[in-house]
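Visitor: My questions will all concern the structure given below.
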Amino acid sequence: MTPGGLPFLDFQAPGFSTRSKEVLEARNNHWCAKTPFGYAVLRHREVGLLLRDKRLRQGSYAWPETNGLEGSFAEFWSRSIISTEGATHKQLRAIAMPALAPEFIESLRPVFDEISRELTSQLRQSDTCEFMEDFSIPFAGKAICALLGMDTNEWHQLSHDASDLGLAMGVDCKSHEPIFNAACDRLMMLSRELIDRARSGKDNSSYVARLVREYDASGMADEQALLDLVVISIFGGVDTTRSQLGFAMGLFVQYQEQWQILSNDLSLVPQAIEEIIRAWPTTTWSTREAMEDFEFGGVNIRAGDTLHMLVHASARDPAICDQPMFDITRKRKIHFGFGGGAHHCLGALVARTDMASALTALAKTLRSFEYSGEPKWLPDSGNTSPVHVPLRYELR
């Protein structure tokens with residue numbers, strides 16, 4: 001416990017996990033804990049309230065400065081929709097939201113389904129795979145290519161760069177700085193090519209084309225903002241789907257009866273996706289920063305304090321979750337894997353839609369599966385991801 005009576009969680013400790021016993025014990029003691037990076041908010045009610053509290057701003061804007069990052073990624077991050085507030089943030093969202101209208105995303109479902117069928121047909125050629133390399137990474141890359149209006153066979157470099165960009169969000173980010181800066185530069189060049197293609201009339205229907213139309217109609221004069229919107233869409237779109245599908249397979253290895261339930265009732269796919277995010281989120285916390293002094297829940301928050309809203313701990317809070325085990329048949333309270341409030345993830349529906357296509361195809365293909373070797377995961381904090389998920393499976 002800290003001198004102020006709050007639990008302490010060492011986010012910097014080797015092997016620290018936001019899903020650990022220590023985090024759950026801290027949640028039992030208090031709604032929040034102190035960390036080397038500010039406060040960790042652990043309970044569902046408090047996370048929901050604070051994500052919508054107007055005394056807080058989006059907090060990860062300060063991530064590059066906090067970690068001493070320099071170069072193109074740090075500059076991009078400071079300009080991006082994630083880091084802006086107020087009128088600028090509203091204007092950027094007003095451009096992006098119509099471009100990601102539900103009817104447009106739904107129109108992509110047949111393409112997502114076809115990508116899933118193509119990859120599962122390749123899985124049928126064997127009884128083993130490295131799931132990330134053989135399915136998850138190519139699926140996420142091909143899906144974002146479809147969204148951007150690119151040929152899906154161009155997924156390799158795009159997916160590689162998006163994954164490299166994700167290294168900027170881990171607790172060991174500084175050691176990867178040259179890698180994610182180079183990836184950021186390449187993605188910025190790709191975004192320029194896609195925008196020019198839309199402006200020349202060679203693309204009239206993709207997300208980028210829709211984004212360009214909304215941007216041009218907005219009267220916004222900052223062309224860099226448009227480039228940044230495309231880059232952040234690529235980053236979020238690839239990283240979330242790729243990682244969350246890998247975690248899904250890890251969960252179903254642990255809870256094999258749940259895979260059988262899903263395979264026998266594909267109507268549970270949407271609910272399974274939500275349960276997967278609750279149980280093993282790739283974005284382990286959403287960050288906010290206090291803009292003024294205030295008191296909340298008996299804790300004095302000071303201007304400049306950082307608050308991390310922990311996804312797993314809040315989703316498994318006993319106050320709203322009477323059975324914490326992984327169970328895709330249970331309807332539960334909303335999770336915060338896509339954040340909340342003014343900074344709720346714009347691509348949440350895309351992620352839910354493409355992951356639904358992937359899980360459906362996998363459930364139709366794999367009767368059962370287990371690890372064929374030792375899996376490897378990035379540290380379970382910040383933005384995390386599977387690294388190596390070797391599977392042995394029985395086909396349907």
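Readers should treat all values here as calculations from the given coordinates under stated rules, not as data from a laboratory. Model, not experiment: these values are computed from the prediction. Neighbour counts are summed over all protein chains in view; Cβ atoms, including those assigned to glycine, are modelled from backbone coordinates with ideal geometry.
Visitor: Percent relative contact order of the stretch 21-395, based on C-alpha pairs within less than 8 angstrom and at least six residues apart?
Guide: Working: 590 pairs, mean separation 97.5, N = 375.
Averaging sequence separation for qualifying contacts and normalising by length gives 26 percent for the stretch 21-395.
Visitor: Further question: Estimate the FRET efficiency between ASP151 and ARG367 by the formula 1/(1 + (r/R0)^6), using the beta-carbon distance for r and 41 Å for R0, to the nearest 0.05.
Guide: On the way: r = 33 Å, r/R0 = 0.81.
E between ASP151 and ARG367, to the nearest 0.05, is 0.80.
Visitor: Continuing with the same structure: Which of the aspartates and glutamates could be linked to LYS331 by a straight reach, that is with a Cα gap under 12 Å, when you skip same-chain ones fewer than 8 residues away?
Guide: The reachable aspartates and glutamates, counting only those whose Cα sits under 12 Å from LYS331, are GLU274, GLU275, ASP322.
Visitor: Another question, then. What order do you get for 303-314, 13-24, 139-150 when each peptide is scored by the mean count of other beta carbon atoms within 10 Å, highest first? Walk me through the numbers on the way to the answer.
Guide: Numbers: 303-314: 23.1, 13-24: 15.1, 139-150: 25.3.
For the peptides 303-314, 13-24, 139-150, the packing ranking is 139-150, 303-314, 13-24.
Visitor: Please list, ordered by chain and number, the residues whose modelled amide H lies under 5 Å from the amide H of PHE296; skip anything fewer than 5 residues away on the same chain.
Guide: Those lying under 5 Å, H to H, from PHE296 are ILE301.
Visitor: Two decimals is fine: what is log10 I(q)/I(0) at q = 0.12, 0.13 Å⁻¹ for the chain, from a Debye sum with one equal scatterer on every Cα and no solvent?
Guide: For the chain, the Cα-only Debye profile gives -0.96, -1.13.
Visitor: Once you place label points 7 Å from the Cα toward the Cβ at ALA182 and SER205, how far apart are they in nm?
Guide: 3.7
Visitor: Further question on the same structure: Enumerate the amide H contacts of SER368 below 5 Å, restricted to partners 5 or more residues apart or on another chain; note that Pro and chain-start residues carry no placed amide H.
Guide: Those qualifying (amide H under 5 Å, at least 5 residues apart or on another chain) are GLU394.
Visitor: Could you calculate the FRET efficiency of GLU85 with GLN323 from 1/(1 + (r/R0)^6), where r is the beta carbon distance between them and R0 is 30 Å, rounded to 0.05? Don't skip to the end; give the middle numbers.
Guide: Working: r = 38 Å, r/R0 = 1.28.
Plugging the Cβ-Cβ distance into 1/(1 + (r/R0)^6) gives 0.20.
Visitor: Relative contact order of the stretch 245-396: what whole-number percent is it, with Cα pairs under 8 angstrom and at least 6 residues apart? Working shown, then result.
Guide: Details: 216 pairs, mean separation 42.5, N = 152.
Once divided by the residue count of the stretch 245-396, the mean separation gives 28 percent.
Visitor: Next question, about the same structure. Starting from the Cα-Cα distance between GLU394 and SER72, subtract it from 0.36 nm times their residue separation and give me the gain in nm to one decimal. Could you put the intermediate results ahead of the total?
Guide: Details: separation 322, 0.36 × 322 = 115.92 nm, distance 4.55 nm.
Taking GLU394 through SER72 to full extension adds about 111.4 nm, to one decimal.
Visitor: With charges only on Cβ, +1 for K and R and -1 for D and E, what is the dipole size of the stretch 21-395 about its Cα centre, in debye, rounded to 20?
Guide: Working: 38 positive and 50 negative charges, 189 e Å.
Rounded to the nearest 20 debye, it is 900 debye.
Visitor: Cβ under 14 Å from ARG93's Cβ, ARG93 left aside: what net charge do those residues give with Lys, Arg +1 and Asp, Glu -1? Working shown, then result.
Guide: On the way: positive: LYS90; negative: GLU85, GLU214, ASP228.
Around ARG93, the charge tally is -2.
Visitor: Which trypsin sites (Lys or Arg not before Pro) in the stretch 162-239 sit in a loop by DSSP (not H, G, I, E or B) and have at most 11 other Cβ atoms within 10 Å of their own Cβ? Display every interim value, and only then the final one.
Guide: Numbers: sites: LYS174, ARG186, ARG192, ARG197, ARG199, LYS202, ARG210, ARG213; in loops: LYS202.
When the trypsin sites (Lys or Arg not before Pro) of the stretch 162-239 are filtered for loop state and at most 11 Cβ neighbours within 10 Å, LYS202 remain.
Visitor: With a cut-off of 8 Å between alpha carbons and a minimum separation of six or more residues, what is the relative contact order of the stretch 1-44 in percent? Show your work: numbers first, answer last.
Guide: Details: 54 pairs, mean separation 16.9, N = 44.
For the stretch 1-44, the relative contact order is 38 percent.
Visitor: From the residues PHE139, THR287, GLY166, which one has its Cα farthest along the dipole of the chain in the positive direction, the dipole being from +1 and -1 charges on Cβ of Lys/Arg and Asp/Glu about the Cα centre?
Guide: My answer, from the dipole projection, is THR287.
Visitor: Still on this structure, I have one more. Within a Cβ distance under 11 Å of ASN67, other residues only, what is the Lys/Arg minus Asp/Glu net charge?
Guide: -3
Visitor: What FRET efficiency comes out for HIS160 versus PHE294 if R0 is 51 angstrom and r is the Cβ-Cβ distance? Round to the nearest 0.05. Don't jump to the answer; show the numbers that get you there.
Guide: Working: r = 44 Å, r/R0 = 0.85.
Between HIS160 and PHE294 the formula returns 0.70.
Visitor: Divide by every residue of the chain the summed helix terms, -39500 (n - 2.57) for each DSSP H run of at least 4, and state the resulting mean residue ellipticity at 222 nm, rounded to the nearest 500 deg cm²/dmol.
Guide: Mean residue ellipticity, 222 nm, calculated: -15500 deg cm²/dmol.
Visitor: Select from PHE112, VAL238, ASN383 the residue farthest towards the positive end of the dipole of the chain; place +1 on Cβ of Lys and Arg, -1 on Cβ of Asp and Glu, and compute about the Cα centre.
Guide: Going by the charge dipole, the pick is PHE112.
Visitor: Whole-Hz Karplus ³J(HN,Hα) for the stretch 346-359, in order, using 6.51 cos²θ - 1.76 cosθ + 1.60 and θ = phi - 60°, x for Gly and Pro?
Guide: 5, x, 4, 5, 4, 4, 5, 6, 6, 5, 5, 4, 5, 5
Visitor: Determine ³J(HN,Hα), in whole Hz, for all residues of the stretch 318-331 in sequence, where each value follows from phi through the Karplus function 6.51 cos²θ - 1.76 cosθ + 1.60 and θ = phi - 60°; x replaces Gly and Pro.
Guide: x, 5, 10, 9, 7, 9, x, 5, 5, 8, 6, 8, 8, 8
Visitor: If you don't mind, another one. All other residues with a Cβ under 13 Å from the Cβ of VAL111 taken together, and with Lys, Arg as +1 and Asp, Glu as -1, what is their net charge? Numbers along the way, then the final one.
Guide: Working: positive: ARG109, ARG117, LYS142; negative: GLU106, ASP113, GLU114, GLU118, ASP151, ASP354.
My count for the surroundings of VAL111 gives -3.
Visitor: Sketch the reach of a paramagnetic label on ASP127 as a point 7 Å from Cα along Cα-to-Cβ, and name the residues of the stretch 245-269 whose backbone nitrogen lies under 19 Å away.
Guide: Within reach of a label on ASP127, which here means backbone N under 19 Å from a point 7 Å along Cα→Cβ, the stretch 245-269 contributes 253.
Visitor: Residue by residue, what Karplus-based ³J(HN,Hα) values in Hz, rounded to whole numbers, does the stretch 210-217 have, using 6.51, -1.76 and 1.60 with θ = phi - 60° and x for Gly and Pro?
Guide: Along the stretch 210-217, the couplings run 5, 5, 4, 4, 5, 5, 5, 6 Hz.
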